[in-house]
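**Student:** Okay, here's the structure, questions in a sec.
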Amino acid sequence: MAKIRRLKKDLKNLASDLIFECETYMRFHPEMDHKKSVKIIGDIETRLKALIYEINHSKDKGSVKAKDYYQKIVDKVKKELIPLLDKIGDLEK
């Protein structure tokens, strides 16, 4: 159970760091259109909720081992949340 708690805590910390980056961008670039930043923040929150839901409902995983199941969730984080950091970097372009 402690590892599941740690995984959720790490996900929330990662999401809050990404949201903080978007908000920092909006504050330091007030002249830019912030629609893209707001959309990225919405994407972060939506994906975070979906990942937390998957973690909380791990009993539905079927015949997959617990370690493999949670490793798939970590891989999903790498594929879904980390690329949003690139989108944040592309806001200035």
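The values are calculated or read from the model by the stated rules, or taken from the named source; none is laboratory data. Here the structure is a predicted model, which is why all the values come from computation and not from measurement. Methodologically, a virtual Cβ is constructed for each residue, glycine included, from the backbone with ideal geometry; neighbour enumeration extends over all protein chains shown.
**Student:** Checking Lys78 against (1) of a type outside the set (Ser, Thr, Tyr); (2) under 10 Å from the mean Cα position of the chain (by Cα); (3) surrounded by 12 or more Cβ atoms within 10 Å (Cβ to Cβ), only one condition comes out false. Which one?
**Tutor:** It fails just one condition, (3).
**Student:** May I pose another question? Test Ser37 against the stated conditions and say whether it is more than 18 Å from Lys93 (Cβ to Cβ) and either part of a loop (DSSP other than H, G, I, E, B) or of a type in the set (Ser, Thr, Tyr) (or both). So that I can check it myself, show each step before the final result.
**Tutor:** On the way: more than 18 Å from Lys93 (Cβ to Cβ): no; either part of a loop (DSSP other than H, G, I, E, B) or of a type in the set (Ser, Thr, Tyr) (or both): yes.
No.
**Student:** Still on this structure, please answer the following. Failed condition for Leu51, given (1) of a type in the set (A, V, I, L, M, F, W, C); (2) modelled with pLDDT of 90 or more; (3) in contact with a Cys (Cβ under 8 Å, 6 or more places away or on another chain), with all others met?
**Tutor:** In the conditions (1) of a type in the set (A, V, I, L, M, F, W, C); (2) modelled with pLDDT of 90 or more; (3) in contact with a Cys (Cβ under 8 Å, 6 or more places away or on another chain), Leu51 misses (3) alone.
**Student:** Please state which of the following conditions Lys39 fails to meet, knowing it meets all the rest: (1) basic (Lys, Arg); (2) under 28 Å from Lys3 (Cβ atoms); (3) surrounded by 10 or more Cβ atoms within 10 Å (Cβ to Cβ); (4) modelled with pLDDT of 90 or more.
**Tutor:** The one condition Lys39 does not meet is (2).
**Student:** Only one of (1) under 22 Å from Leu91 (Cβ atoms); (2) surrounded by 11 or more Cβ atoms within 10 Å (Cβ to Cβ); (3) of a type outside the set (A, V, I, L, M) is not met by Lys8, so which one is it?
**Tutor:** All conditions pass for Lys8, except number (1).
**Student:** Still on this model: When you look at Asp17, is it more than 16 Å from Asp90 (Cα to Cα), of a type in the set (Asp, Glu) and either surrounded by fewer than 18 Cβ atoms within 10 Å (Cβ to Cβ) or in contact (Cβ under 8 Å) with a residue 12 or more places away in the chain (or both), yes or no?
**Tutor:** Considered against the rule, which asks whether it is more than 16 Å from Asp90 (Cα to Cα), of a type in the set (Asp, Glu) and either surrounded by fewer than 18 Cβ atoms within 10 Å (Cβ to Cβ) or in contact (Cβ under 8 Å) with a residue 12 or more places away in the chain (or both), Asp17 comes out as yes.
**Student:** Among the numbered criteria (1) part of a helix (DSSP H, G or I); (2) in contact (Cβ under 8 Å) with a residue 24 or more places away in the chain, which single criterion is violated by Met32?
**Tutor:** (1)
**Student:** Do you know which residues across the range 38-51 are over 10 Å from the mean Cα position of the chain (by Cα) and of a type outside the set (Gly, Ala, Ser)?
**Tutor:** Matches in the range 38-51: Val38, Lys39, Ile40.
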